[in-house]
Each structure stands twice: as C-alpha cells, then as structure tokens.
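Note sheet for the following structure.
The values are calculated or read from the model by the stated rules, or taken from the named source; none is laboratory data. The shown structure was predicted, so the numbers you read here are calculated from the model rather than taken from an experiment. Methodologically, a virtual Cβ is constructed for each residue, glycine included, from the backbone with ideal geometry; neighbour enumeration extends over all protein chains shown.
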C-alpha cells in the first residue's frame, strides 16, 4: 500500500506507490520533521524489501530545510542499496528555471549517491496553464483537466483507461 499526502504550506505533496513511483513536490519546512519524514522513511525501507523492477523518484522542491534534506538523504541511501542488481532506480530532479539553490541541492545529492540523476528544468508559469482533453474509454465521457491531474492519473496506473483528445498550452 502506498502513501499519499496532500501538500500544505510547510509540507510537500508525497505520492509513494508500490509500482515504483516515489514523488515529493513542494516545500519542506515542517517544524517537526520526524513526525512527517519518519513514516516515509519506514515506507521506503519496506518498499526496498519488495520493490518494483524499476523505481522512479521524482523530486520537485520549492524549498527544503536541512532537517528535511537529511531525511531525503536517508531515502536515497535506502534506494541506493537496491539500485543495480535488484532494481533500476532513476531520480528525476525537477527544478524551476533559475532556481540555482534547488538545482545545486540536486547536484549535491547526485555526487553523494550512486544513483542516476536526470535534471529537468521546469517553467512553472507555463506548466500551470497546461491542460489536456481526455475521453474515458469505458464511458465515453470527456473532460478537460490540468496536465498535473493527468500526470497523477498516469502515475497511479490509470492512463490506459483514457484517450488524450487534445493538449492545450
């Protein structure tokens, strides 16, 4: 069973799935990092015992304090143990255009851990307005949704249930 935590002002959005998608997005400045991060670390420890053949870690931080970075580091350390012979782990480190601090944090993690990192520059303003028109293959119902919502549908394994009709920028 995965973990889904909605984003708040102090804590990031988290979506960890047994299918091998581990996503963290937002700011992590919680005053009680143990309460927030320890269950995530324990979930990753359990996941490493029964992991998917491919694991994708998608990180998109606005800001992260040093306590949060320590826990993210521990998550990478656990995933490093299964990378290679047991599983293929890929870290997709997303960062806003010109956010040199978050980009540097990603490079720091990449230099510490023996995991492949892919750095992806994101134009947040452009992404905010991106939409997609989809049709349910089951019911024929059509909807226009945000690209972020579509991305969540795909990550959670339901993309095959819909057909993309049109993409809007």
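Look through 134, 120 and report the one residue that is part of a strand (DSSP E or B), touching a helix residue (DSSP H, G or I) at 6+ places or on another chain (Cβ under 9 Å), at pLDDT 90 or above and farther than 23 Å from residue 18 by Cα.
One residue alone meets the criteria, 134.
So which of 56, 9 ends up being under 27 Å from residue 101 (Cβ atoms) and either assigned to a helix (DSSP H, G or I) or within 11 Å of the chain's Cα centre (by Cα) (or both)?
Unique residue meeting the criteria: 56.
Considering (1) farther than 23 Å from residue 81 by Cβ; (2) surrounded by fewer than 20 Cβ atoms within 10 Å (Cβ to Cβ); (3) in contact with a strand residue (DSSP E or B) (Cβ under 6 Å, 6 or more places away or on another chain), say which one residue 6 fails and leave the rest.
(3)
All but one of (1) exposed (fewer than 15 other Cβ atoms within 10 Å of the Cβ); (2) at pLDDT 90 or above; (3) under 28 Å from residue 93 (Cβ atoms) hold for residue 115, so report the exception by its number.
(1)
Which one is nearest to the chain's Cα centre (by Cα), of the residues in segment 17-53 that are in a strand (DSSP E or B) and more than 18 Å from residue 70 (Cβ to Cβ)?
Step by step, filter segment 17-53, then rank; the result is 23.
Which residues, taken from segment 64-93, are within 14 Å of the chain's Cα centre (by Cα) and surrounded by fewer than 20 Cβ atoms within 10 Å (Cβ to Cβ)?
Listed by number, the residues that qualify are 90, 92.
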